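These notes are about the structure you will find just below.
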Amino acid sequence: MKAALRYQYVPPQQLSVGEVPQPQPKANEILVRVYAATVNRTDCAVLTGWPLAIRAFTGLSKPKLPITGTDFAGQVEGIGPEVKDFKIGDRVWGFDDTGLESHAQYLCIATNRNVIKMPENASYEVAAASAEAAHYAINFVNKLKVTPGQKVLVNGGSGAIGSASIQILHDLGVQVTAVCGTKNVERIQAFGVEKVIDFEKEDFTQHGEIYDYVFDAVGKSTFFKCKRLLKPGGIYLSSELGPWWQNLYLPLLTRIFGSKKVVFPIPFNIKASLEYMKKLIEASKFKPLIDRTYPLEKISEAFEYVGSGQKIGNVIIDLGD
């Protein structure tokens, strides 16, 4: 089978596509023919081993898994003798932020890991694009006591995490203000936001509104820049560690000093996120933002594009015939 391969931590240009043996399912595993996956920020970290903290999970000196990929959508083509909950022909999707070797035509995954049946009304591309970023978006929301009518600002509204956060918050009855670039304003308005701030024309940290929460879904701002946007008791969250990893220690400091807080949304329970997203998709309440699609043969280009910071939403790898 074809797969994206590297045996050391490398830049995107050194990722190659080669032939490797097709895996065979163990007793508690399913064999999945992968039809779609994404290249995302998590994948970039797993590919390059940067930031260094990722290596605690993916391998200290070299990657534990030679094939890249953390999410997938595909069809079950084989099952181990102990598998009870899946059958051949089931459409399935999954995600694991430490790696699934999903940038390949086939993968095997144990049924007790983060894999469930796909939403019935979703294509493989939609399912793949509703895993990684949506999981992080859910873990923004579930760290808070979000109630209808509250006001949230989402910085990076056209990113994969930001656009997912907007739709999840909108479903919860929250008033959302999104920040994005000029070319994406209309696309983000279509998600039902209250307001869109074009960061190319206005510094969003200087406008007059205040919010219950600020979600920095791209990690390009800081608590200190956004503090003026928060109500007393308001909370700032970021998808990144921040300068000098400040988002790890600010939650403790702001708990002691001041009324405005920082929460670092450590993600957990991926399977619960998949189940949540399945319900939203089946209820037609979520549509992932998709930027562009690459074939597997051009996956290094996809990694370069994602790493450039130019993408909006999700970048898909098409592994179909």
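The values are calculated or read from the model by the stated rules, or taken from the named source; none is laboratory data. Predicted model only: the values in this text are computed from it and were never measured. Neighbour counts run over all protein chains shown; Cβ positions are idealised from the backbone, glycine included. Heavy atoms of the whole protein, side chains included, go into the accessibility calculation; ligands, DNA and RNA do not. Shrake-Rupley method; radii C 1.70, N 1.55, O 1.52, S 1.80 Å.
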Per-residue HN-Hα couplings for the range 269-275, Karplus 6.51 cos²θ - 1.76 cosθ + 1.60 at θ = phi - 60°, whole Hz, x for Gly and Pro?
6, 4, 4, 4, 5, 4, 5
So the pair-distance distribution of the range 1-156, from every Cα-Cα distance in 10 Å bins, comes to percents of 11, 36, 33, 16, 4, 0
Simple SL model, points at 7 angstrom along Cα→Cβ for Phe268 and Asp318; separation in nm is 4.0
In Å, what is the Rg of the alpha-carbon atoms in the range 147-252, and how long is Dmax?
12.9, 38
Give the ranking of Thr182, Thr222 by solvent-accessible surface, highest area first, calculated with a 1.4 Å probe.
Thr182, Thr222
With x for Gly and Pro, the residue-by-residue ³J(HN,Hα) of the range 84-93, computed from phi through the Karplus equation 6.51 cos²θ - 1.76 cosθ + 1.60 at θ = phi - 60° and given in whole Hz, is 10, 8, 10, 9, 4, x, 5, 8, 9, 9
Among Ser300, Ser259, Ser163, determine the one that fluctuates most according to a GNM of the chain built with springs between C-alpha atoms less than 10 Å apart.
Ser259
Projected onto their principal axes, the Cα atoms of the range 195-253 stretch, largest extent first, over whole-Å spans of 31, 25, 14
Please list the radius of gyration and Dmax for the range 209-287, considering alpha-carbon atoms only, with Å as the unit.
14.9, 44
Tell me which lysines have Cα within less than 28 Å of Lys84's Cα, excluding those fewer than 8 residues away on the same chain?
Lys26, Lys117, Lys271, Lys278, Lys279
Lys84 label point, 7 Å along Cα→Cβ, cut-off 15 Å on backbone N: hits in the range 20-42?
28-29
Of all DSSP beta bridges in the chain, what percent run antiparallel (nearest 5)?
50
Within the accessible area of the chain (1.4 Å probe), percent carbon and sulfur
53
Which value in nm describes the separation of the simple spin-label points at Trp244 and Thr293, placed 7 Å from the Cα toward the beta carbon?
4.7
Applying the Karplus parametrisation 6.51 cos²θ - 1.76 cosθ + 1.60 with θ = phi - 60° to the phi angles of the range 24-35, what ³J(HN,Hα) value in whole Hz is obtained for each residue in order, glycine and proline being reported as x?
10, x, 6, 4, 9, 10, 10, 9, 10, 7, 7, 10
Determine the principal axes of the Cα atoms in the range 176-321, then give the extent along each, sorted from largest to smallest and rounded to whole angstroms.
57, 35, 35
What's the ranking of 191-203, 60-72 by average number of surrounding C-beta atoms within 10 Å, highest first?
60-72, 191-203
Förster-model FRET efficiency, 41 Å R0, Ala110 and Glu200, C-beta, rounded to 0.05:
0.35
From largest to smallest, what semi-axes in whole angstrom does the chain give when each is the square root of 5 times an eigenvalue of its alpha carbon gyration tensor?
34, 21, 19
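Counting alpha carbon pairs within less than 8 Å and at least 6 residues apart, what relative contact order, in whole percent, applies to the chain?
Numbers: 738 pairs, mean separation 63.3, N = 321.
Once normalised by length, the contact order is 20 percent.
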Any chance you could run the full-extension gain for Thr182 through Lys62? It's 0.36 nm times the residue separation minus the Cα-Cα distance, nm to one decimal.
39.2 nm
Accessible area expressed per residue, the chain, with surrounding protein chains retained (probe 1.4 Å, Å²):
45
Under a straight-distance cross-link criterion of Cα-Cα below 20 Å, which lysines are reachable from Lys227, leaving out those fewer than 8 residues away in the same chain?
Lys143, Lys145, Lys151, Lys195, Lys260, Lys261
